[in-house]
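Report on the following structure.
The values are calculated or read from the model by the stated rules, or taken from the named source; none is laboratory data. Note that the coordinates shown come from a computational prediction; the quantities given were computed from them, not determined experimentally. Here Cβ is always computed from backbone atoms with ideal geometry, including for glycine, and neighbour counts include all displayed protein chains.
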There are 4 protein chains.
Amino acid sequence: MVIVVREDASADERAEVMRLLSAQAGGSASVTAARTRAGYVVCAPECVPAAKLVRQLTALRAVARVVPAAAPYPLASRELVPDGTVVTVGAVSFGAGAPVIIAGPCSVESAEQIEAAARAARDAGARLLRGGAFKPRTSPYAFQGLGLPGVELLARAGAAAGLPVVTEVMEPGLVPAVAELADVLQVGSRNMQNFPLLRAVGRAGRPVLLKRGFAATIEEWLLAAEYILAEGNPDVILCERGVRGFDPATRNLLDLACVPLLRTLTHLPVIVDPSHATGRRDLVAPMGVAAIAAGADGLIVEMHPRPDDALSDREQTIDPDTLARLVRRCHAVRAALDHDTAGERGDVPEELAAGAGR
Amino acid sequence: MVIVVREDASADERAEVMRLLSAQAGGSASVTAARTRAGYVVCAPECVPAAKLVRQLTALRAVARVVPAAAPYPLASRELVPDGTVVTVGAVSFGAGAPVIIAGPCSVESAEQIEAAARAARDAGARLLRGGAFKPRTSPYAFQGLGLPGVELLARAGAAAGLPVVTEVMEPGLVPAVAELADVLQVGSRNMQNFPLLRAVGRAGRPVLLKRGFAATIEEWLLAAEYILAEGNPDVILCERGVRGFDPATRNLLDLACVPLLRTLTHLPVIVDPSHATGRRDLVAPMGVAAIAAGADGLIVEMHPRPDDALSDREQTIDPDTLARLVRRCHAVRAALDHDTAGERGDVPEELAAGAGR
Amino acid sequence: MVIVVREDASADERAEVMRLLSAQAGGSASVTAARTRAGYVVCAPECVPAAKLVRQLTALRAVARVVPAAAPYPLASRELVPDGTVVTVGAVSFGAGAPVIIAGPCSVESAEQIEAAARAARDAGARLLRGGAFKPRTSPYAFQGLGLPGVELLARAGAAAGLPVVTEVMEPGLVPAVAELADVLQVGSRNMQNFPLLRAVGRAGRPVLLKRGFAATIEEWLLAAEYILAEGNPDVILCERGVRGFDPATRNLLDLACVPLLRTLTHLPVIVDPSHATGRRDLVAPMGVAAIAAGADGLIVEMHPRPDDALSDREQTIDPDTLARLVRRCHAVRAALDHDTAGERGDVPEELAAGAGR
Amino acid sequence: MVIVVREDASADERAEVMRLLSAQAGGSASVTAARTRAGYVVCAPECVPAAKLVRQLTALRAVARVVPAAAPYPLASRELVPDGTVVTVGAVSFGAGAPVIIAGPCSVESAEQIEAAARAARDAGARLLRGGAFKPRTSPYAFQGLGLPGVELLARAGAAAGLPVVTEVMEPGLVPAVAELADVLQVGSRNMQNFPLLRAVGRAGRPVLLKRGFAATIEEWLLAAEYILAEGNPDVILCERGVRGFDPATRNLLDLACVPLLRTLTHLPVIVDPSHATGRRDLVAPMGVAAIAAGADGLIVEMHPRPDDALSDREQTIDPDTLARLVRRCHAVRAALDHDTAGERGDVPEELAAGAGR
């Protein structure tokens, strides 16, 4: 159960709500208060919304709304923000209708490389620049990224091209320094259940791009988002990037059906990474277009001015021309589908609305 | 290696080709002759196309073309039919550009039900009618279908509505009887590696819809198709229907990336079954549209005049209105993408062509 | 619900039981009668054992016992035969305490080879001889086995060495011919849900070795066994052989925990195939011993007089000396564990009994 | 390639080795020096051991041994320490022959609870005490553990019972404080690829229990161990705890075949966690015994004085009596197998040795 508290409620009035809920929750520690997209809320995930309790809460002046939210992730659940959350980064909006493409190299390699990439990304129609500086590499002997100086190069290149930047952070202790330089903090697939890191980015004051763990269920993923939301950071963008499969034909197994499914479960925007999902350059564009057709709010794509020279993820990195064509096709597909849609974009699509109440 | 033989070659000339190859293949039994989309061919899958052998073969009057075909499935490989195979069923063509939607109930339940379904499918824009009469059910106590009388009802309903019909066959002994009545024979997911059945449908003189096994690799799937092709049946349509995953959130895990990947590996048309892939009514339409965006040649969808009354697969069965909207959206997406495509449809798309030679 | 019928019940009395249950089951077809290890039974899987119905049934002279059997596979469920089923093949018993080792080559290749294999298997302590004559091969171009003549060679070699034989059958139409020659019929992993085949072996009058499908859940597996039991064949031996995993380090992923789990769910004996499970010669023996330690009733192992010359499955085939050592170690482990067991073998072990009631 | 350096080599002589290798490795950063079980080594993972280079290195006075080590994880590879590493914690040795059982509650809940658990573990024959104080919980609202005060309670209880203690650490910043109190640091499954954490425990001066990620390949796991070894910590114990599977029948899918496989790949000791692997109390003991039969060096088991009162992991926690029986059975199985083993324990078993050279 989640209680949305009136904006003008006093500290005492808020405390009253907390008290009432804590009593119900049996004195357990699991009553949390957080500022969310729905306003200031108090959240008691295990508290059953019994009729009497709902009456008592509704009677309080401080209470704006009681949301039953039966999901184990009440702050991330669609019920809390039925219209969906729009996450804004500079002039760019995720979840507002138009697909947003993020592009850039796997790794920041040099000032020159990242600047060229930034210009190419912008010219191809991408709206944010990506680039890794702290690289989670399977082997301790592989290139580990340029670290903080790499983030600085990325930020400078983004600023020069007029693109906000997103980069991965792997360690709670480094979150403040990276948040100083980057517009969006990425939590990578391997760290989706690195709970101290999730708490740290929850307090960093920056939007977070939360990649799905490569063997995480949808529920585990939304609970990971809940860690961030519960710290008071309402700006979480989910990113599907493929799960581990049994067939070596592709690097991972892109679970595209999670896109329309998430629309029924959560209010958070969802984007797709077709580069890591497939691991093959030739599959990035078709799967990027398919992701938009499935309802994704955007893509994150590995693009390099000269893909064959990339220091990492070469086989799945596309060139600027392919990116430009992909961006064009994404917009064409979105437009074709919007043309056929009666209601407003951002609503739960008709076919999903039917299923949402099951 | 595959040798395409001239149409006018005599029996002796053909035998000469066989002899030459058999000698090379070390007397093993693995030299096969079959009538394929590329004409009459002789196939020696393990034979390395050494320069000398190629010269010897090319010198024979009977030899039209030598195809190196390094894949373990030479008859299914893209190299053999670079332009792609178009499978024709009555007035309908799979692989010719326009997406083909197959729709109908999970099971044939009665004359009335299947006739209503046939009319609804046709009116919604579907081009073939599906309906199961031999149902592979996990439990021996579940409804097992109406059997041959069900196939008759299906065929009659299809004829009345002007739609060819597709139905599953599970047993080699029943293939001739079902082939008598149905336009397309479906081999279900659980039977993808039922090799006696594959041989039987390979000799049945009907196009075959070959569903991917729910834990089959792409290579295993193409080798299953090869069993059918090697019997002389060139009309195989591949159907992705989701693989087994670890997350109970959806019934299966739709591997949509296999669609553009298959385009680089095989000349056979590929369709997608979003009903079994997701197991959820509300996800069928978005994933159907996404499949077309990924390049699929069509869909097979479970639709019932009154989904809630269906005897099987109720939760994943859509109604006629949802189907009509899905068909419309598939065509809209296909048109939007074609508009942006320089070359001819049916060619390997540009982004795939680049990767195909890797 | 399952009703065990008295041996001396008349046809009329039996019919009375059927009538009563059919009425309850709402006229559905799912009331089945079969001869089982527990005697002649009538099975109504969807029938809830309401107190009134149980009273009515118990009042009938024909009814020996009413078994609630809540599982979807009542005939396979432990409740029906709490002491466990012992499957007897000649002088050999599966499920009677001592581990039974089945060994032999992947394929029957020649009279000489299979006779040498039979002698080597017997001398190493194996009690049954295995050998494939109908080989389910992924590629149509791979060696497909010798067919019925191969089964004859196998039967002759087994008889000469004094070992009963087990061989795979893939096609319903061939079941009678194979059952004529072989002592145990194997249903392979790819055919676990080949339902016409399951029915055919259910009527063949021979014990059946039912391998788990490589992506089958335990429940699906037991329901496949139920197909056989429902045809009146009580002699089913389950065989775990590894499921499909994501790590290419081993050919499959051996799910050994299914062994003690099955002990709580079913009365059928369970054996393990460490050869296919691992795909590596060096892992066969350690995993075979581990299977016995986990409580398996036996093993089926690929052994060849000269493993490096085997026509198929070379990498996972062990030699006679390794087999002899493995048999010895299996017995040693079984003895060490029996020594520590208070109760009688064949009972559900103490640690399982605790959990069985959950 | 790994170079083992003589103990008495001077700083200059060591530098000479580094110089020679760095030149060969093309100036890349991937030449690492570390103190390992094999002595002080210099490791150049991508350097091919060409004959000339090996001659040059062998000619240096400082070089004791050149190990080709073709694996991507040279420090973890079996070749470096063919006899296997024995990790010693107080009076207990992992990898020395006798199986070592670690037991204790999932979470430290109170002084009383952990003290009772410590006594029960010791009396049942366990040699180390486990207990979580930093709990990685899927939901932010679940009990998160007592933190550092919990580690203190654990350490005190262990000391009182005469058992060394092992506990999980999740955050690089907390490693020194936990290492102050605990005898063994556990890196949990979700953190197997938390690379900053791996580096931190690599510098902590304590043995590390490295759990396999729940979707990690064997190679990824050994590369995670390599991160720790490369920091100079030679004391890594690997722990298999089940991987994610498709069947909800068990919590995870225990990959027991990894135990004998790892014996061929690495010199590090391997233990098994049957509690998390199965998630069912009744399967812990049979799978624990099976693990020892497969060659595991020990087990880690969740045990609670009153399992039904445990705050977490109740369903998979056994009681002291079951633990005592399990310990007894593990030793019985180990003894039965040792009795049958010609060579010395600690060697690669005969059946593995044969395969190791493939």
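Per the listing A:182, A:121, A:126, the residue uniquely more than 25 Å from residue A:328 (Cα to Cα), assigned by TED's automatic domain parsing to the domain that holds residue A:230 and crowded, with 19+ Cβ neighbours inside 10 Å is A:182. Report yes if residue B:265 is in contact with a Leu (Cβ under 7 Å, 6 or more places away or on another chain), surrounded by fewer than 24 Cβ atoms within 10 Å (Cβ to Cβ) and in the same structural domain as residue B:222 (by TED's automatic domain parsing), otherwise no. Taking the combined requirement at face value, the residue satisfies it. Count of region B:289-313 residues, restricted to those that are more than 14 Å from chain A (Cβ to nearest Cβ), assigned to a strand (DSSP E or B) and out of contact with any Pro (no Cβ under 6 Å at 6 or more places or on another chain), is 2.
In region D:124-133, what residues are among the aliphatic types (A, V, I, L, M), in contact with a Gly (Cβ under 9 Å, 6 or more places away or on another chain) and outside any loop (DSSP other than H, G, I, E, B)?
Selection gives D:128, D:129.
The single condition among (1) assigned to a loop (DSSP other than H, G, I, E, B); (2) crowded, with 21+ Cβ neighbours inside 10 Å; (3) in contact with a helix residue (DSSP H, G or I) (Cβ under 7 Å, 6 or more places away or on another chain) that residue C:136 does not satisfy is (2).
Quick grid of which residues meet (1) closer than 30 Å to residue B:275 by Cβ; (2) of a type in the set (A, V, I, L, M, F, W, C):
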{"position": "B:52", "(1), (2)": "no, no"}
{"position": "B:73", "(1), (2)": "yes, no"}
{"position": "B:76", "(1), (2)": "yes, yes"}
{"position": "B:106", "(1), (2)": "yes, yes"}
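Pairs linking a residue in region B:32-50 that is more than 14 Å from residue B:65 (Cα to Cα) to a residue that is acidic (Asp, Glu), with Cβ atoms under 9 Å and 6 or more positions apart or on different chains, are B:34/B:231; B:45/B:226.
Within region C:272-286, the only residue that satisfies the criterion of being among the hydrophobic types (A, V, I, L, M, F, W, C), more than 7 Å from chain D (Cβ to nearest Cβ) and more than 12 Å from residue C:211 (Cβ to Cβ) is C:284.
Please verify whether residue A:79 is surrounded by 16 or more Cβ atoms within 10 Å (Cβ to Cβ) and either more than 30 Å from residue A:313 (Cα to Cα) or not assigned by TED's automatic domain parsing to the domain that holds residue A:285 (or both), treating the condition exactly as stated. Spelling it out, residue A:79 is indeed surrounded by 16 or more Cβ atoms within 10 Å (Cβ to Cβ) and either more than 30 Å from residue A:313 (Cα to Cα) or not assigned by TED's automatic domain parsing to the domain that holds residue A:285 (or both). Counting only helices (runs of 4 or more DSSP H) that sit wholly inside region C:170-234, those with at least 3 residues that are within 15 Å of the chain's Cα centre (by Cα) are C:195-202, C:218-230.
From the list C:116, C:120, C:155, C:160, the one residue that fits, being part of a helix (DSSP H, G or I), modelled with pLDDT of 95 or more, in contact with a Lys or Arg (Cβ under 9 Å, 6 or more places away or on another chain) and within 21 Å of residue C:92 (Cα to Cα), is C:160.
One residue stands out among those in region A:302-314 that are in contact (Cβ under 8 Å) with a residue 24 or more places away in the chain and more than 25 Å from the chain's Cα centre (by Cα): the one that is farthest from residue A:121 (Cα to Cα), which is A:311.
Answer with yes or no whether residue C:278 is polar (S, T, N, Q) and surrounded by fewer than 24 Cβ atoms within 10 Å (Cβ to Cβ). Spelling it out, it is not the case that residue C:278 is polar (S, T, N, Q) and surrounded by fewer than 24 Cβ atoms within 10 Å (Cβ to Cβ).
Determine, yes or no, whether residue D:217 is β-branched (Val, Ile, Thr), free of Cβ contacts under 8 Å to residues at least 24 places away in the same chain and at the interface with another protein chain (Cβ under 7 Å from one of its Cβ atoms). Here the answer is yes, as residue D:217 does meet what is asked.
Please find, within region C:228-250, the residue that is surrounded by the most Cβ atoms within 10 Å (Cβ to Cβ) out of those that are more than 10 Å from chain D (Cβ to nearest Cβ) and closer than 25 Å to residue D:286 by Cα. By that ranking, first place goes to C:236. Among the residues of region A:22-72, those that are surrounded by fewer than 15 Cβ atoms within 10 Å (Cβ to Cβ) and among the basic types (Lys, Arg) comprise A:35, A:52, A:55, A:61. Can you find, within region A:82-118, the residue that is surrounded by the fewest Cβ atoms within 10 Å (Cβ to Cβ) among those that are out of contact with any helix residue (DSSP H, G or I) (no Cβ under 6 Å at 6 or more places or on another chain) and of a type in the set (Val, Ile, Thr)? Ranking the candidates gives A:88 first.
Is it true that residue A:277 is assigned to a loop (DSSP other than H, G, I, E, B) and either touching a helix residue (DSSP H, G or I) at 6+ places or on another chain (Cβ under 6 Å) or of a type in the set (Gly, Ala, Ser) (or both)? Judged against the criteria, residue A:277 is not a match.
If you go through region B:183-191 one residue at a time, do you hit one that is more than 30 Å from residue C:145 (Cβ to Cβ) and either modelled with pLDDT of 95 or more or not aromatic (Phe, Trp, Tyr) (or both)?
Taking every residue of region B:183-191 in turn, at least one turns out to be more than 30 Å from residue C:145 (Cβ to Cβ) and either modelled with pLDDT of 95 or more or not aromatic (Phe, Trp, Tyr) (or both).
Quick check on residue D:16: is it in the same structural domain as residue D:236 (by TED's automatic domain parsing) and among the acidic types (Asp, Glu)? In short, no.
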